[in-house]
Amino acid sequence: MKKGLRILTILSITIGVFAVIGWKLTDNKKKIDSSAAKAQVRNTTVMVSSTFPEITLMKKDFNANGSFRAFKEVAIISEAAGRVTQVNFENGKQVQEGNVLVTLDADLLLNQIAQVKFNQEKIKKDVQRLTNLLPVGGVSQQQLDDAVNGLENLKFQQVSLEKQLSFSKVKAPLTGIISNKMVEKGSFITPPMKLGDIVQTNKLFFQTYLTAEQISLIKVGFNADVVTDVMPDQNLKGFVTLIDVKSDPSRRYLVELLITNPGRLRPGMTGQVSFNDIASSEILAIPRICLVGSSRNASVYVIENGKAVLRNIQIGAGTGSLLAVLGGLQKSDEIVLTGQINLVDGAPIIVKNK
């Protein structure tokens, strides 16, 4: 009996010990789980700084890259076929409008013109003889008329042949510098074969491509400064002569400015145009570092109820460290300034500047 009581007591004590151990383990697990949950919350909460869009006075200045093209460029084309007997131009040389550049073999045309002139003299004598015979009935009026018509036809032939003869001398269509010479003495040419180019470079056009927003700020006649890569310390004055009405595939518009060539510039050289002090206006702006994504697909994180919410916005040209906001934000919207690298849409945040 005593032995049974002792065994029962030992079992009771053992069960109690295990119960205490189980309770302690359960309590410890709850504390560990609670700590882990708190750590998880701390790990998913991102520390950021914030700011608000501000109204600022923004000058709408901008720069754009481009290249130069010739003021005028005309191809040298022969209007006649023939063998070249003389070439009077070389690449890089100046020519004046009307100068004879190429002479073609014209012996056949000269012989034809001489024959036509000889025939004219013969028919003139026939016309005179028939005119004298007509009053006495020696010839008919029809015979005289045929002779007169024949003389007129020969005159037309002479004019046509002399026009063709003028084509045997290829003349410079304008004053300029020869480029891309493509003919030599002895060559046989036919229209519309190009013999070379004449380029005018005393003035040049600077070509650049601007966005729709940029061309809305300028117009034909506007002045601008052009700096070239070969003369970076010299500002050239230009004025807008063309704003194209149709954009290219990248939605940019061709703009041309006319400048006076100081002497060292050549078509194809590159540079940069600066449109300064065009206009200024009050506009909503944000710091550039707030921007997430590219300027074409711009967005920012807006702080709403302790979370960072990604919002698409529309931006325009900027100045310095600021970007103009064209849509998507209000002045009262609090946005993330720094810490975006660790954010995802809807992430909980702590604003450290508060």
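The values are calculated or read from the model by the stated rules, or taken from the named source; none is laboratory data. Since this is a predicted model, take the numbers as computed values, not measurements. A quick note on method: Cβ atoms are made from the backbone with ideal geometry, for glycine too, and the neighbour counts reach across all protein chains shown.
Quick one: is residue 51 in contact with a Ser or Thr (Cβ under 8 Å, 6 or more places away or on another chain) and at pLDDT 90 or above?
Considered against the rule, which asks whether it is in contact with a Ser or Thr (Cβ under 8 Å, 6 or more places away or on another chain) and at pLDDT 90 or above, residue 51 comes out as no.
Are there strands (runs of 3 or more DSSP E) fully within region 238-354 with at least 2 residues that are among the charged types (D, E, K, R), over 22 Å from the mean Cα position of the chain (by Cα) and not assigned by TED's automatic domain parsing to the domain that holds residue 220? List them.
Those strands (runs of 3 or more DSSP E) span 307-312.
This table checks each residue for (1) over 30 Å from residue 218 (Cβ atoms); (2) surrounded by fewer than 19 Cβ atoms within 10 Å (Cβ to Cβ); (3) of a type in the set (A, V, I, L, M, F, W, C).
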site: 294; (1), (2), (3): no, yes, no
site: 306; (1), (2), (3): yes, yes, no
site: 313; (1), (2), (3): no, no, yes
site: 320; (1), (2), (3): no, yes, no
site: 323; (1), (2), (3): no, no, yes
site: 326; (1), (2), (3): no, yes, yes
site: 334; (1), (2), (3): yes, yes, no
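Among the residues of region 202-220, count how many are farther than 30 Å from residue 175 by Cα and either outside the structural domain of residue 263 (by TED's automatic domain parsing) or in contact (Cβ under 8 Å) with a residue 60 or more places away in the chain (or both).
So the count comes out to 5.
Quick check on residue 181: is it over 30 Å from residue 60 (Cβ atoms) and either among the charged types (D, E, K, R) or not assigned by TED's automatic domain parsing to the domain that holds residue 106 (or both)?
Yes.
Starting from residues that are under 28 Å from the mean Cα position of the chain (by Cα) and outside any strand (DSSP E or B), keep the ones in region 51-89 and report whichever is surrounded by the fewest Cβ atoms within 10 Å (Cβ to Cβ).
Filtering first and then ranking leaves 61.
One residue is enough: does region 195-210 have a residue meeting the conditions surrounded by fewer than 19 Cβ atoms within 10 Å (Cβ to Cβ) and out of contact with any Ser or Thr (no Cβ under 8 Å at 6 or more places or on another chain)?
No: zero hits.
For region 242-264, which positions are surrounded by 11 or more Cβ atoms within 10 Å (Cβ to Cβ) and either closer than 15 Å to residue 66 by Cα or free of Cβ contacts under 8 Å to residues at least 24 places away in the same chain (or both)?
Answer for region 242-264, where residues must be surrounded by 11 or more Cβ atoms within 10 Å (Cβ to Cβ) and either closer than 15 Å to residue 66 by Cα or free of Cβ contacts under 8 Å to residues at least 24 places away in the same chain (or both): 242, 243, 244, 252, 253, 254, 255, 256, 257, 258, 259.
Write out, first by first residue and then by second, each pair whose Cβ atoms fall under 7 Å of each other, whose residues are 6+ apart or on separate chains, and whose first residue, in region 161-182, is touching a residue at least 60 places away in the same chain (Cβ under 8 Å) while the second is among the charged types (D, E, K, R) and outside any loop (DSSP other than H, G, I, E, B).
Here the result reads 174/72; 176/72; 179/197; 180/197, each pair linking region 161-182 to a residue that is among the charged types (D, E, K, R) and outside any loop (DSSP other than H, G, I, E, B).
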